[in-house]
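The values are calculated or read from the model by the stated rules, or taken from the named source; none is laboratory data. For clarity, every value in this text was computed on a predicted model and none was experimentally measured. Reconstructed Cβ throughout: ideal geometry from the backbone, glycine too, with neighbour counts over all protein chains shown. The accessibility values were calculated without ligands, DNA or RNA, using every heavy atom of the protein model including side chains. Shrake-Rupley method; radii C 1.70, N 1.55, O 1.52, S 1.80 Å.
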Amino acid sequence: MYIRYICIHEHATCSASVESLSSPVHPVKMIRSFNCYCHSFMSRAKRQDVRLASHAGSWYTDDGDQLAAELSGWLDKVERIDNPYPIIGCKAVIAPHAGYSYSGPAAAWAYKSIDTSGIKRVFILGPSHHLYLDGCALSGCKEYATPVGNLPLDLETIKELRDTGKFDSLEIDDDEAEHSLEMHLPYVRTIFKGMDISIVPIMVGAISRQSEVAYGQLLAPYLASEDTFCVVSSDFCHWGTRFSYTYYYPEPKPSNESGIRLSQSVAPSDSHPIHESISRLDHEAMDILTLPPSIASTAHAEFAKYLSKTKNTICGRHPIGVLLGALTALEESNEVHPTIEWVRYEQSSPCKTIRDSSVSYASAWVKF
(Lines give C-alpha, C1' and ligand atoms only; values in the text may rest on other atoms or scores of the structure.)
Protein backbone atom coordinates (compact mmCIF):
# COMPACT_ATOMS: atom_id res chain seq x y z
CA MET A 1 0.00 0.00 0.00
CA TYR A 2 1.32 3.50 -0.87
CA ILE A 3 -0.21 6.54 0.78
CA ARG A 4 0.82 10.12 -0.03
CA TYR A 5 -0.01 13.10 2.18
CA ILE A 6 0.43 16.72 1.20
CA CYS A 7 1.09 19.38 3.86
CA ILE A 8 1.03 23.05 2.90
CA HIS A 9 3.14 25.35 5.10
CA GLU A 10 3.78 28.96 4.09
CA HIS A 11 3.65 28.28 0.35
CA ALA A 12 5.87 25.18 0.66
CA THR A 13 4.77 21.62 0.01
CA CYS A 14 5.94 18.55 1.89
CA SER A 15 4.94 14.95 1.41
CA ALA A 16 4.93 11.87 3.60
CA SER A 17 4.58 8.37 2.27
CA VAL A 18 4.35 4.94 3.81
CA GLU A 19 4.87 1.83 1.77
CA SER A 20 3.83 -1.61 3.00
CA LEU A 21 5.58 -4.61 1.51
CA SER A 22 3.80 -7.50 3.14
CA SER A 23 1.49 -6.24 5.86
CA PRO A 24 -1.01 -3.40 6.27
CA VAL A 25 0.12 -0.15 7.86
CA HIS A 26 -1.18 0.56 11.36
CA PRO A 27 -3.17 3.84 11.08
CA VAL A 28 -1.82 5.31 14.37
CA LYS A 29 1.80 4.56 13.46
CA MET A 30 1.18 6.02 10.02
CA ILE A 31 -0.19 9.29 11.44
CA ARG A 32 2.67 9.51 13.96
CA SER A 33 5.19 9.04 11.18
CA PHE A 34 3.47 11.69 9.11
CA ASN A 35 3.34 14.16 12.00
CA CYS A 36 7.06 13.66 12.73
CA TYR A 37 7.88 14.23 9.07
CA CYS A 38 5.87 17.45 8.90
CA HIS A 39 7.32 18.68 12.18
CA SER A 40 10.81 18.12 10.79
CA PHE A 41 9.89 20.00 7.61
CA MET A 42 8.43 22.91 9.52
CA SER A 43 11.54 23.06 11.72
CA ARG A 44 13.71 23.28 8.62
CA ALA A 45 11.45 25.96 7.16
CA LYS A 46 11.61 27.91 10.44
CA ARG A 47 15.41 27.58 10.44
CA GLN A 48 15.46 29.24 7.05
CA ASP A 49 13.66 32.21 8.61
CA VAL A 50 15.85 32.69 11.68
CA ARG A 51 19.64 32.68 11.62
CA LEU A 52 20.85 31.12 14.85
CA ALA A 53 23.51 32.75 17.00
CA SER A 54 25.87 30.02 15.86
CA HIS A 55 29.01 31.39 17.54
CA ALA A 56 27.37 32.00 20.92
CA GLY A 57 28.82 29.69 23.54
CA SER A 58 32.24 29.71 21.90
CA TRP A 59 33.21 33.14 20.52
CA TYR A 60 31.12 34.83 23.19
CA THR A 61 28.82 33.72 26.00
CA ASP A 62 25.39 32.36 25.18
CA ASP A 63 24.04 33.58 28.52
CA GLY A 64 21.99 36.70 27.73
CA ASP A 65 22.33 38.30 31.16
CA GLN A 66 26.07 37.71 31.28
CA LEU A 67 26.53 39.00 27.74
CA ALA A 68 24.50 42.14 28.48
CA ALA A 69 26.66 42.79 31.55
CA GLU A 70 29.89 42.33 29.56
CA LEU A 71 28.80 44.65 26.77
CA SER A 72 27.65 47.32 29.21
CA GLY A 73 30.89 46.99 31.14
CA TRP A 74 33.05 47.50 28.05
CA LEU A 75 30.95 50.47 26.95
CA ASP A 76 31.21 52.04 30.41
CA LYS A 77 35.01 51.81 30.28
CA VAL A 78 35.28 53.83 27.06
CA GLU A 79 37.00 57.11 27.85
CA ARG A 80 36.30 60.45 26.23
CA ILE A 81 39.18 61.56 24.00
CA ASP A 82 38.42 64.75 22.06
CA ASN A 83 34.69 64.59 21.32
CA PRO A 84 31.90 63.80 23.78
CA TYR A 85 29.97 60.56 23.24
CA PRO A 86 27.83 59.87 21.35
CA ILE A 87 29.25 61.56 18.26
CA ILE A 88 26.39 63.71 17.00
CA GLY A 89 25.70 62.88 13.36
CA CYS A 90 27.73 59.66 13.41
CA LYS A 91 26.64 57.68 10.33
CA ALA A 92 28.91 54.63 10.41
CA VAL A 93 31.52 52.79 12.44
CA ILE A 94 34.38 50.45 11.62
CA ALA A 95 34.88 47.83 14.33
CA PRO A 96 36.49 44.40 14.84
CA HIS A 97 34.81 41.00 14.85
CA ALA A 98 37.03 38.58 16.79
CA GLY A 99 35.95 36.64 19.88
CA TYR A 100 34.71 39.05 22.51
CA SER A 101 37.48 38.17 24.97
CA TYR A 102 39.88 39.59 22.38
CA SER A 103 38.05 42.36 20.54
CA GLY A 104 34.97 43.13 22.62
CA PRO A 105 36.62 46.01 24.55
CA ALA A 106 38.05 47.59 21.37
CA ALA A 107 34.71 47.36 19.56
CA ALA A 108 33.04 49.22 22.42
CA TRP A 109 34.91 52.39 21.40
CA ALA A 110 33.16 52.35 18.04
CA TYR A 111 29.73 51.52 19.44
CA LYS A 112 29.98 54.18 22.14
CA SER A 113 30.28 56.70 19.27
CA ILE A 114 26.87 55.91 17.77
CA ASP A 115 24.20 58.58 17.80
CA THR A 116 21.04 56.45 17.78
CA SER A 117 18.53 59.26 17.37
CA GLY A 118 16.22 58.74 14.40
CA ILE A 119 17.88 55.49 13.24
CA LYS A 120 15.54 52.77 11.98
CA ARG A 121 17.77 50.76 9.61
CA VAL A 122 21.30 49.42 10.17
CA PHE A 123 23.44 48.07 7.34
CA ILE A 124 26.15 45.62 8.44
CA LEU A 125 28.95 44.95 5.94
CA GLY A 126 31.26 42.05 6.71
CA PRO A 127 33.89 40.02 4.85
CA SER A 128 33.44 36.40 3.86
CA HIS A 129 35.91 34.10 5.62
CA HIS A 130 34.49 30.73 4.55
CA LEU A 131 32.58 31.20 1.32
CA TYR A 132 34.25 32.41 -1.86
CA LEU A 133 32.33 35.31 -3.35
CA ASP A 134 33.30 37.50 -6.28
CA GLY A 135 30.48 39.89 -5.39
CA CYS A 136 28.23 40.57 -2.40
CA ALA A 137 25.53 38.36 -0.91
CA LEU A 138 22.27 38.87 0.99
CA SER A 139 20.69 36.71 3.66
CA GLY A 140 17.52 34.75 3.00
CA CYS A 141 16.48 34.97 6.65
CA LYS A 142 13.82 37.13 8.22
CA GLU A 143 15.46 37.47 11.61
CA TYR A 144 18.90 37.13 13.23
CA ALA A 145 19.02 35.69 16.75
CA THR A 146 21.27 36.96 19.55
CA PRO A 147 21.35 36.06 23.27
CA VAL A 148 20.34 39.66 24.11
CA GLY A 149 17.38 39.86 21.73
CA ASN A 150 16.68 39.13 18.10
CA LEU A 151 17.06 41.56 15.19
CA PRO A 152 14.54 41.61 12.31
CA LEU A 153 15.88 42.03 8.79
CA ASP A 154 14.64 44.86 6.58
CA LEU A 155 13.00 42.64 3.99
CA GLU A 156 11.84 45.53 1.82
CA THR A 157 15.33 46.98 1.46
CA ILE A 158 16.82 43.53 0.91
CA LYS A 159 14.30 42.90 -1.88
CA GLU A 160 15.23 46.22 -3.50
CA LEU A 161 18.89 45.25 -3.42
CA ARG A 162 18.20 41.73 -4.65
CA ASP A 163 16.14 43.11 -7.55
CA THR A 164 19.20 44.97 -8.84
CA GLY A 165 20.65 41.61 -9.84
CA LYS A 166 23.97 42.58 -8.23
CA PHE A 167 23.72 40.33 -5.18
CA ASP A 168 24.02 36.60 -4.58
CA SER A 169 21.79 34.78 -2.09
CA LEU A 170 23.26 33.16 1.02
CA GLU A 171 22.38 29.61 1.99
CA ILE A 172 21.52 29.33 5.68
CA ASP A 173 24.57 27.14 6.41
CA ASP A 174 26.92 29.71 4.85
CA ASP A 175 25.13 32.49 6.68
CA GLU A 176 25.56 30.78 10.04
CA ALA A 177 29.18 29.74 9.37
CA GLU A 178 30.32 33.36 8.97
CA HIS A 179 31.27 35.27 12.13
CA SER A 180 32.08 38.72 10.74
CA LEU A 181 28.43 39.80 10.74
CA GLU A 182 27.30 37.88 13.82
CA MET A 183 29.90 39.38 16.15
CA HIS A 184 28.30 42.81 15.69
CA LEU A 185 24.72 41.75 16.36
CA PRO A 186 24.78 41.80 20.18
CA TYR A 187 26.38 45.23 20.16
CA VAL A 188 23.81 46.52 17.66
CA ARG A 189 20.94 45.10 19.71
CA THR A 190 22.42 46.64 22.88
CA ILE A 191 23.11 50.12 21.49
CA PHE A 192 19.66 50.29 19.90
CA LYS A 193 17.92 48.69 22.88
CA GLY A 194 14.19 49.33 22.92
CA MET A 195 14.28 50.88 19.45
CA ASP A 196 12.33 49.60 16.47
CA ILE A 197 15.18 48.95 14.06
CA SER A 198 15.84 46.41 11.32
CA ILE A 199 19.13 45.32 9.80
CA VAL A 200 20.49 44.75 6.30
CA PRO A 201 23.42 42.31 6.59
CA ILE A 202 25.65 42.14 3.50
CA MET A 203 28.48 39.66 3.06
CA VAL A 204 31.22 41.21 0.94
CA GLY A 205 33.39 38.92 -1.15
CA ALA A 206 36.88 39.20 -2.64
CA ILE A 207 35.96 42.01 -5.02
CA SER A 208 38.07 44.44 -7.03
CA ARG A 209 38.42 48.12 -6.24
CA GLN A 210 36.16 48.85 -9.22
CA SER A 211 33.49 46.59 -7.72
CA GLU A 212 33.92 48.29 -4.35
CA VAL A 213 33.18 51.59 -6.10
CA ALA A 214 30.14 50.10 -7.87
CA TYR A 215 28.65 48.60 -4.71
CA GLY A 216 29.41 51.83 -2.85
CA GLN A 217 27.52 53.84 -5.45
CA LEU A 218 24.59 51.46 -5.11
CA LEU A 219 24.50 51.77 -1.31
CA ALA A 220 25.21 55.53 -1.14
CA PRO A 221 21.56 56.66 -1.37
CA TYR A 222 20.67 54.40 1.56
CA LEU A 223 23.58 55.68 3.65
CA ALA A 224 22.50 59.25 2.88
CA SER A 225 19.08 58.60 4.41
CA GLU A 226 18.71 60.17 7.85
CA ASP A 227 17.25 56.98 9.33
CA THR A 228 20.13 54.73 8.21
CA PHE A 229 23.35 53.70 9.93
CA CYS A 230 26.19 51.46 8.73
CA VAL A 231 28.50 49.06 10.58
CA VAL A 232 31.66 47.95 8.77
CA SER A 233 33.24 44.79 10.15
CA SER A 234 37.02 44.39 10.01
CA ASP A 235 39.98 43.19 12.02
CA PHE A 236 43.38 44.54 11.09
CA CYS A 237 46.75 42.78 10.77
CA HIS A 238 46.79 38.99 11.26
CA TRP A 239 50.47 38.43 11.95
CA GLY A 240 52.42 35.19 12.28
CA THR A 241 53.35 32.03 10.44
CA ARG A 242 49.90 30.57 11.10
CA PHE A 243 48.53 33.42 9.00
CA SER A 244 51.37 33.12 6.44
CA TYR A 245 52.15 36.77 7.07
CA THR A 246 55.39 37.98 8.73
CA TYR A 247 55.88 41.44 7.19
CA TYR A 248 58.28 43.46 9.30
CA TYR A 249 59.87 46.92 9.38
CA PRO A 250 63.51 46.52 10.57
CA GLU A 251 63.63 50.11 11.85
CA PRO A 252 61.03 52.36 13.47
CA LYS A 253 59.90 55.64 12.01
CA PRO A 254 61.18 57.94 10.63
CA SER A 255 63.23 55.29 8.83
CA ASN A 256 62.09 54.62 5.25
CA GLU A 257 63.76 51.21 5.11
CA SER A 258 61.54 48.77 3.22
CA GLY A 259 59.69 46.00 4.97
CA ILE A 260 60.95 42.41 4.88
CA ARG A 261 59.54 38.96 5.62
CA LEU A 262 60.70 37.35 8.84
CA SER A 263 61.45 33.63 8.88
CA GLN A 264 63.42 31.08 10.88
CA SER A 265 66.56 32.42 9.19
CA VAL A 266 65.59 36.12 9.21
CA ALA A 267 65.16 37.48 12.74
CA PRO A 268 63.84 40.86 13.93
CA SER A 269 66.26 43.57 14.96
CA ASP A 270 66.87 44.24 18.64
CA SER A 271 65.92 47.90 18.19
CA HIS A 272 62.41 47.33 16.80
CA PRO A 273 60.13 44.69 18.39
CA ILE A 274 57.72 42.88 16.08
CA HIS A 275 54.63 44.23 17.82
CA GLU A 276 55.84 47.80 17.27
CA SER A 277 56.38 47.03 13.58
CA ILE A 278 52.82 45.67 13.39
CA SER A 279 51.49 48.82 15.02
CA ARG A 280 53.38 50.96 12.52
CA LEU A 281 52.02 48.85 9.66
CA ASP A 282 48.42 49.15 10.86
CA HIS A 283 48.69 52.85 11.61
CA GLU A 284 49.89 53.47 8.07
CA ALA A 285 46.53 52.11 6.91
CA MET A 286 44.63 54.03 9.58
CA ASP A 287 46.37 57.27 8.58
CA ILE A 288 45.40 56.71 4.94
CA LEU A 289 41.81 56.07 6.00
CA THR A 290 41.59 59.17 8.22
CA LEU A 291 39.36 61.87 6.69
CA PRO A 292 40.29 64.76 6.47
CA PRO A 293 42.93 65.74 5.40
CA SER A 294 42.27 63.28 2.60
CA ILE A 295 38.96 62.84 0.79
CA ALA A 296 37.27 59.47 0.33
CA SER A 297 38.20 58.98 -3.33
CA THR A 298 41.87 59.67 -2.63
CA ALA A 299 41.87 57.49 0.49
CA HIS A 300 40.35 54.63 -1.50
CA ALA A 301 43.08 54.83 -4.14
CA GLU A 302 45.88 55.13 -1.57
CA PHE A 303 44.45 52.27 0.52
CA ALA A 304 44.53 50.02 -2.55
CA LYS A 305 48.18 50.96 -3.19
CA TYR A 306 49.06 50.32 0.44
CA LEU A 307 47.45 46.86 0.36
CA SER A 308 49.25 46.02 -2.88
CA LYS A 309 52.57 47.04 -1.33
CA THR A 310 52.31 45.53 2.16
CA LYS A 311 49.73 42.76 1.62
CA ASN A 312 48.53 43.59 5.13
CA THR A 313 45.98 40.98 6.18
CA ILE A 314 43.14 43.40 6.94
CA CYS A 315 40.28 40.95 6.50
CA GLY A 316 37.61 43.66 6.12
CA ARG A 317 39.50 45.55 3.42
CA HIS A 318 36.70 45.02 0.91
CA PRO A 319 33.84 46.17 3.20
CA ILE A 320 36.01 49.20 4.01
CA GLY A 321 36.45 49.70 0.27
CA VAL A 322 32.68 49.60 -0.26
CA LEU A 323 32.25 52.23 2.48
CA LEU A 324 34.86 54.41 0.77
CA GLY A 325 33.04 53.90 -2.52
CA ALA A 326 29.79 55.09 -0.92
CA LEU A 327 31.48 58.10 0.69
CA THR A 328 33.08 59.00 -2.65
CA ALA A 329 29.67 58.90 -4.34
CA LEU A 330 28.25 61.13 -1.62
CA GLU A 331 31.17 63.55 -1.95
CA GLU A 332 30.42 63.89 -5.65
CA SER A 333 26.63 63.92 -5.63
CA ASN A 334 25.72 65.46 -2.28
CA GLU A 335 28.81 67.60 -1.80
CA VAL A 336 29.35 66.13 1.66
CA HIS A 337 32.67 66.18 3.48
CA PRO A 338 33.11 62.89 5.36
CA THR A 339 35.11 62.50 8.55
CA ILE A 340 36.69 59.22 9.64
CA GLU A 341 38.36 59.27 13.05
CA TRP A 342 40.13 56.32 14.67
CA VAL A 343 39.54 56.08 18.39
CA ARG A 344 41.06 52.75 19.47
CA TYR A 345 43.83 50.36 18.50
CA GLU A 346 44.76 47.12 20.25
CA GLN A 347 46.61 43.85 19.56
CA SER A 348 45.61 40.44 20.87
CA SER A 349 49.17 39.84 22.10
CA PRO A 350 52.60 41.48 21.71
CA CYS A 351 54.63 39.51 19.17
CA LYS A 352 58.34 39.25 19.99
CA THR A 353 59.55 36.26 17.96
CA ILE A 354 58.65 34.49 14.75
CA ARG A 355 56.88 31.86 16.88
CA ASP A 356 54.33 34.40 18.11
CA SER A 357 51.11 35.53 16.45
CA SER A 358 48.56 38.28 16.94
CA VAL A 359 45.51 39.97 15.46
CA SER A 360 45.02 43.74 15.55
CA TYR A 361 41.75 45.52 16.34
CA ALA A 362 40.90 49.10 15.37
CA SER A 363 37.74 51.15 15.86
CA ALA A 364 36.61 54.30 14.08
CA TRP A 365 33.55 56.49 13.65
CA VAL A 366 32.31 58.15 10.46
CA LYS A 367 30.20 61.27 9.99
CA PHE A 368 29.33 63.65 7.19
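Could you figure out which of (1) in contact (Cβ under 8 Å) with a residue 12 or more places away in the chain; (2) open to solvent by 30 Å² or more (accessible area, probe 1.4 Å); (3) not in a strand (DSSP E or B) isn't true of PRO152?
(3)
Search the range 164-188 for residues that are within 21 Å of GLY216 (Cβ to Cβ) and of a type in the set (Ser, Thr, Tyr) and pair each with any residue that is at pLDDT 95 or above and open to solvent by less than 20 Å² (accessible area, probe 1.4 Å) when their beta-carbon atoms are under 6 Å apart and the residues are at least 6 apart or on different chains.
SER180/HIS97; SER180/GLY126; SER180/PRO127; SER180/SER233
Could you list, in sequence order, all residues of the range 350-368 that are more than 21 Å from the chain's Cα centre (by Cα), open to solvent by less than 40 Å² (accessible area, probe 1.4 Å) and not aliphatic (A, V, I, L, M)?
Listed by number, the residues that qualify are CYS351, SER357.
Can you find a residue in the range 315-322 that is open to solvent by 40 Å² or more (accessible area, probe 1.4 Å), touching a strand residue (DSSP E or B) at 6+ places or on another chain (Cβ under 7 Å) and within 24 Å of GLY99 (Cα to Cα)?
Scanning the range 315-322, I find no residue that is open to solvent by 40 Å² or more (accessible area, probe 1.4 Å), touching a strand residue (DSSP E or B) at 6+ places or on another chain (Cβ under 7 Å) and within 24 Å of GLY99 (Cα to Cα), so the answer is no.
Pick from the range 259-274 the residues that are farther than 13 Å from GLU284 by Cβ and free of Cβ contacts under 8 Å to residues at least 60 places away in the same chain: which of them is most open to solvent (accessible area, probe 1.4 Å)?
ASP270
Quick one: in the range 156-172, of everything that is open to solvent by 60 Å² or more (accessible area, probe 1.4 Å) and under 15 Å from GLU143 (Cα atoms), which residue is modelled with the lowest pLDDT?
The residue in question is GLU171.
Exactly one of these conditions fails for MET286: (1) part of a loop (DSSP other than H, G, I, E, B); (2) touching a residue at least 60 places away in the same chain (Cβ under 8 Å); (3) over 18 Å from SER357 (Cα atoms). Give me its number.
Among (1) part of a loop (DSSP other than H, G, I, E, B); (2) touching a residue at least 60 places away in the same chain (Cβ under 8 Å); (3) over 18 Å from SER357 (Cα atoms), the lone unmet condition for MET286 is (1).
Determine which member of the set GLY104, GLY99 is of a type outside the set (A, V, I, L, M), in contact with a Phe, Trp or Tyr (Cβ under 9 Å, 6 or more places away or on another chain) and buried (at least 20 other Cβ atoms within 10 Å of the Cβ).
GLY104
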